Amino acid sequence: MGNSTRGLVVGNYCHDVLIKDDVVTAKSLGGAASFIANIFYNFAVTCDYVSKVGSDFNYLLDVTNPPIVVPTSPTTLFHAHFSSTGSEPGPDRILKRVTVCDPVRPVELPEMCSSLGLGYGFGMAVGVGGEILPDTLEKMVEICDVVFVDVQGLIREFDEIDGRVRLIKLKDTKFNRLLSKIGVLKASSEEAQFIDVEEVRKLCCVVVTDGEDGCRVYWKDGEIKIDPFSTVQVDPTGAGDSLLGGLVAGLVHGLPVPDAALLGNFFGCLTVGQLGLPKFDPKLLQRVKDEVQKRALECAKHRVGDKNELWFAKPPGHEKFYAALNSTRQAYTSSIRDSDCGSLDLQDRVTRPLTHGINTINHVYNGQKVLSQPVYDEPIQAVEGTP
């Protein structure tokens, strides 16, 4: 398989309905793919998307990267139930799958330039409603240099009566045999209880998100904690998706794992501060892109010697990069308060596809595949407007 400049994101778009105290407060385009595209578009990360929806899909005109429309199936619909009291123990929301679209099958995945033996530089398996099949993930491993997987798409089960989401152990699924073939597995702290992190980290890199405590990265020979950015949570939906999108965008643009995870934390923080699919301020995005480009150039100077250590250890300047992102976030938070951006009609928000690419190739560090060798000397292109 040759090197490629494109990525492949697989996961269905959804309809998300947020319900607080039994009252519908917002309706939005949902699905991990939509949150990831929201970031990739602004960071010029070129991808193909494979998502399925029903003929009832409300956002067909809002996504210029069209999904596969299944006329005999409804769009996957989730109801997220919240309580204003916050006094009851347990999760901060109750998630229910109300309707479900068809899964994505291996034959529906594109094989980019297959006649030339070229696959994708990276893939992302980001199912939310059971649409990722074991055979589909196995096919992604074959056609992508490295695959990032959100474990929620592997360990979710749904109550047959009310659709309530519950989790099962990863080792009891048919996905378990594929762990050694993927690059990165992302899980929330709740989901991490259903995977054996100590065993899985021997097979692939594991990123565990922990809300207000940031995230932690595990690999075969070590682990690091990535600091969080403080925020006021409005809606946790999509926080982990945005974190994963920011992480991959950072890797594509040349950041080492700790810095890329920091960028992921940054976008996770921005996401929970708004209802549904977040709307990012263009000025904020440009400042972040400038900081990422500058940081990538700094890190390029250190890519010598022990690549294992360089890739996973916090490189010189990590704290300075955090401070720069935090300063940008604080300025953005102030602008949100002034403009009340968080109260925008979520149904008017658009997720657009990606039109610019960055060259990436696959490297193997300690037996674990990651993205490296970006085009450092090409600036991240500014984007007019937001998705």
Cut-off under 5 Å, modelled amide H: who pairs with CYS47 long-range: GLY7, LEU354
How charged is the neighbourhood of LEU8? Take every other residue with its Cβ under 12 Å from the Cβ of LEU8, and add Lys/Arg as +1 and Asp/Glu as -1. -3
Using modelled backbone amide H atoms (1.01 Å from N, in-plane), which distant-in-sequence or interchain residues come within less than 5 Å of VAL147's amide H? GLY123, GLY183, VAL184
Segment 126-232 - percent of accessible surface contributed by carbon and sulfur, probe 1.4 Å: 44
Going Cα to Cα from LYS301, which aspartates and glutamates come in below 19 Å? Please leave out same-chain ones fewer than 8 positions away. ASP259, ASP290, GLU291, GLU309, GLU319, ASP377, GLU378
So, counting K/R as plus one and D/E as minus one, what does the shell of residues with Cβ under 14 Å around ALA324 add up to? 0
Residue-wise HN-Hα coupling along segment 212-220, computed from phi with Karplus coefficients 6.51, -1.76, 1.60 (Hz; x: Gly, Pro): 5, 9, x, 8, 10, 10, 10, 9, 3
5 Å is the cut-off here: which amide hydrogens, built 1.01 Å from N in the peptide plane, fall below it relative to THR99, excluding neighbours closer than 5 in sequence? LEU77
In segment 120-268, with Lys and Arg counted as +1 and Asp and Glu as -1 at Cβ, which of these residues, LEU133, GLN152, SER180, has the Cα nearest the positive end of the dipole, that is, farthest along it? SER180
Karplus-derived 3J(HN,Hα), 6.51/-1.76/1.60, for each residue of segment 195-211, Hz, glycine and proline x: 10, 8, 4, 5, 7, 5, 5, 6, 9, 7, 5, 10, 10, 10, 8, 9, x
State to the nearest 20 debye the size of the charge dipole of segment 142-258 about its Cα centre, where the only charges are +1 on K and R beta carbons and -1 on D and E beta carbons. 460
Restricting the calculation to Cα positions, tell me the Rg (one decimal) and the Dmax (whole number) of segment 169-229 in Å. 11.5, 36
Residue by residue through segment 285-300, what is 3J(HN,Hα) from phi via Karplus (6.51 cos²θ - 1.76 cosθ + 1.60, θ = phi - 60°)? Round to whole Hz and write x for glycine and proline. 4, 5, 5, 5, 4, 4, 5, 5, 4, 4, 5, 4, 5, 5, 5, 4
What order do you get for 179-186, 195-202 when each peptide is scored by the mean count of other beta carbon atoms within 10 Å, highest first? 179-186, 195-202
Out of every Cα pair in segment 59-194, what percent are spaced more than 28 Å from each other? 26
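The values are calculated or read from the model by the stated rules, or taken from the named source; none is laboratory data. Computed from a predicted model, the values in this text were never measured in an experiment. Reconstructed Cβ throughout: ideal geometry from the backbone, glycine too, with neighbour counts over all protein chains shown. Heavy atoms of the whole protein, side chains included, go into the accessibility calculation; ligands, DNA and RNA do not. Shrake-Rupley method; radii C 1.70, N 1.55, O 1.52, S 1.80 Å.
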